[in-house]
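In what follows, a single structure is set out as structure tokens and then discussed.
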Amino acid sequence: MPLRVLTLNVWNRMGPYDRRRERIREWLRMLDPDVIGFQELLLGEGFDQLGSLVDDLGYATAYAAATRVGQADFGNGVASRWPISDTEIVPLPAVGNDETRCALATTIDAPFGELSFTCTHLNWKLHDGLSREHQVVALAELVLRRRPRGGFPPVVVGDFNAEPDSNEIRFMRGLGSLQGRSAMFYDAWSVAGDGGPGYTWSNRNRFAAVGLEPDRRIDYVFAGYPVRMTDDHGVGKIEACRVVCDDEVDGIWPSDHFGLYAEFRTDPMGRPEWAMG
């Protein structure tokens, strides 16, 4: 069975939230993801948004507050089919503004071994690429520091608020360096999408269209190298990726963002014969 991963910005409680919540839960039941990264979750004032979305679906959860909105925390969450054995919350830097963001890193005890799974949400303003550049450098340092030595590659998901040709995403994909540093993660959509633009912010969605912003791909699933040339050759290979949570029913879309869903190989493909020693 593949590892099924979902990322979704849930747009906190904006819009007709009770009806949106049911739309999100419809998609959760349909996709049946093993691990989920949520962004823009609220916690406080008697409201636990992460719990309200998944508590009765059998997931273990972790939450990280990035800032305050009114009397509630606003942040990221991870939901996992399997136990979460460790968490780490790292504030992300911002340059010249007071917007605060964080990364939530977790270790998950999956049947195929230890899974390092990190969820984040970067600064949102279109002109704030400088902050996002600093944020992805800090994010990569966190993920690489926590990655298991051998075994399943680390997985990083979230709302990066940056398009594929931005400095921030080029850095994540190993296509450019920032601050004298470099990293490399596979972009699931580029590896296994359908070849289309993969927009996750779309003016098809009336909740997004009100923002008067262009269609963009800004939500991502990233992963480290799959296992190669060992008996576990192929484990962690990205095998499928698609845009999800992208429909409306009776005028209600699940969120202002679309989600992204990816599948990873969890069983070995077998080492190539020529690699056998």
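What follows is calculated from the coordinates using simple rules that are stated; it is not laboratory data. Everything numeric here is computed off the predicted structure, so don't read it as measured data. Neighbour counts run over all protein chains shown; Cβ positions are idealised from the backbone, glycine included.
Counting just the Cα atoms, what span does region 92-167 cover along each of its three principal axes? Round to the nearest Å and put the largest first.
Each principal axis gives a Cα extent; for region 92-167 these are 42, 24, 16 Å.
Three principal axis extents, largest first, for the C-alpha atoms of region 36-96, in Å?
Each principal axis gives a Cα extent; for region 36-96 these are 41, 25, 14 Å.
In the Gaussian network model of the chain, springs joining C-alpha atoms below 10 Å, which of L178, L43, L92 carries the largest mean-square fluctuation?
Comparing L178, L43, L92 in a Gaussian network model of the chain, the most mobile one is L178.
Please name which of M30, C119, S177 has its Cα lying farthest along the dipole of the chain towards the positive end, using unit charges on Cβ (Lys, Arg +1; Asp, Glu -1) and the Cα centre as origin.
It is S177, whose Cα lies furthest towards the positive end.
Over the Cα atoms of region 133-213, compute the convex hull volume and normalise it per residue, giving Å³.
Working: hull volume 9.9 nm³, N = 81.
Hull volume normalised by residue count: 122 Å³.
Taking neighbour counts of Cβ atoms within 10 Å as a proxy for exposure, in what order, fewest first, do D256, D98, D215, D128 appear? Walk me through the intermediate numbers first.
On the way: D256 22, D98 6, D215 15, D128 19.
Ranking D256, D98, D215, D128 by Cβ neighbours within 10 Å, fewest first, gives D98, D215, D128, D256.
Give, rounded to the nearest 20 debye, the magnitude of the charge dipole that the chain has about its Cα centre when Lys and Arg contribute +1 at Cβ and Asp and Glu contribute -1 at Cβ. It would help to have the intermediate numbers written out before the result.
Values: 29 positive and 40 negative charges, 99 e Å.
About 480 debye.
Kindly express, to the nearest 10 degrees and within the range 0 to 90, the angle between helix 129-146's C-alpha long axis and the longest C-alpha principal axis of the chain.
Roughly 50 degrees, rounded to the nearest 10.
Between the DSSP loop rule and a limit of at most 11 other Cβ atoms within 10 Å, which GluC sites (Glu not before Pro) in region 215-277 are left?
Qualifying residues, ordered by number: none.
Find, among the chymotrypsin sites (Phe, Trp or Tyr not before Pro) in region 1-88, those assigned to loop by DSSP (not H, G, I, E, B) with at most 15 other beta-carbon atoms within 10 angstrom. Show your work: numbers first, answer last.
Working: sites: W11, Y17, W27, F38, F47, Y59, Y63, F74; in loops: W11, Y59.
Here no loop site has a sparse enough neighbourhood.
Please go through region 22-58 and write out the GluC sites (Glu not before Pro) that DSSP classes as loop and that have at most 11 other C-beta atoms within 10 Å.
Filter output for region 22-58: E45.
Of T106, V137, G259, whose Cα points farthest to the positive end of the dipole of the chain (charges on the beta-carbon: +1 Lys, Arg; -1 Asp, Glu; origin at the Cα centre)?
In the chain, that residue is V137.
Taking the Cα atoms of the chain, report the difference between the largest and smallest coordinate on each principal axis, in whole Å and largest first.
Reported extents, whole Å, longest axis first: 60, 43, 36.
Test of understanding: ordering V243, V69, V155 by Cβ neighbours within 10 Å, fewest first, what list do you get?
Least to most surrounded, the residues fall as V69, V243, V155.
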